[in-house]
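Got a structure for you, questions after.
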Amino acid sequence: VLYLCSSPFIAPNEVGFVRRWVQAIRASDDPVVRTVNVLIRPHPQNAEQWVGVDLADMPGAALWPKGGANPIDELARSDYYHSMHFSAAVVGVNTSAQVESSILGRPVLTVLSPDFSQTQEGTLHFQHLNSGLLRVGKDLDEHVGQLAEILRNPGVPDARSQAFVASFVRPHGRDVPATGLFVDAIEHLAARESAGTPVPVPLSAAVVRTLSLPAAALAWLASGGLSKMRRTPKQKPVQAGKRAAGKGTESPGASGKRAR
């Protein structure tokens, strides 16, 4: 079973949860689940929390690569691919790697946890994942039961993942290149803009913008926006007939008419 860690935004402190997750697996009544090997892959941007973590007390669980690895070169991509390819199931809190696992036809699971309540069901992309891909356990007990069902038939392409890819990842078909469709969409949008045709804004986008306003205001205050406004000196209006500061700037002419 492959556990794919999440970004620092989603799970800034994930080590404790992963330990509880492994312990729940080892406590299963099902011998297949209890003895399954576990591979934990740290998120490349969130691997620092795993420095010095020792899993010696958890036989059959391995942390690799310990420093995390961003799959941008050939070797890292190959390692990342094989981690998913040779897994019977993939587990994570909320990460885009779950989408990539679905492309390989792997069953994808998650566990709802109070530790991540705001960054699971509180995020829009989790709702997308939960639209048909994820097997969601409301707690660790239910999750372990779901794992048991999957491990009885390991290696079987997952129907949920296949349906999710067909509807969400490649709705135009797996064999249709995405690049051309993306370019066509941009050109179509640009043509509508240049023709003056208003582009309708979905109601969902308006709702998201409205819900984002409090967070944006808090971020502005945190950055010192209010204090910066208070420190900005007020400018006095320049009265007509007086020479403005700086050379080369003249007041209205002697005739009393304003300079244009």
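Quick check for me: using +1 on Lys/Arg Cβ and -1 on Asp/Glu Cβ, what's the dipole size of segment 1-71 about its Cα centre, in debye to the nearest 20?
Numbers: 6 positive and 6 negative charges, 12 e Å.
That gives a dipole near 60 debye.
Given points 7 Å out from each Cα along the Cα-Cβ axis, report the Val156 to Asn130 separation in nanometres with one decimal.
2.7 nm
Heavy-atom accessible area per residue, segment 98-181, 1.4 Å probe: how many Å²?
53 Å²
Here is a further query. Extension gain Ile103-Thr123, at 0.36 nm per residue separation less the Cα-Cα distance, in nm?
Roughly 5.0 nm would be gained on extension.
Shifting gears a bit: Please report, as a whole percent, how much of the solvent-accessible surface of segment 26-140 comes from carbon and sulfur atoms (probe radius 1.4 Å).
54 percent
Now for a different question. Just reorder His82, His188, His43 by solvent-accessible area, largest first, 1.4 Å probe, all chains present. Can you show the working numbers first?
Values: His82 80, His188 115, His43 35 Å².
Final ranking, largest accessible area leading: His188, His82, His43.
The values are calculated or read from the model by the stated rules, or taken from the named source; none is laboratory data. Every value quoted in this text rests on a predicted model; they were computed, and no experiment measured them. With ideal geometry, Cβ positions are generated from the backbone for all residues, glycine too; neighbour counts draw on all protein chains shown. Surface accessibility is based on the protein's heavy atoms, side chains included, excluding ligands, DNA and RNA. Shrake-Rupley method; radii C 1.70, N 1.55, O 1.52, S 1.80 Å.
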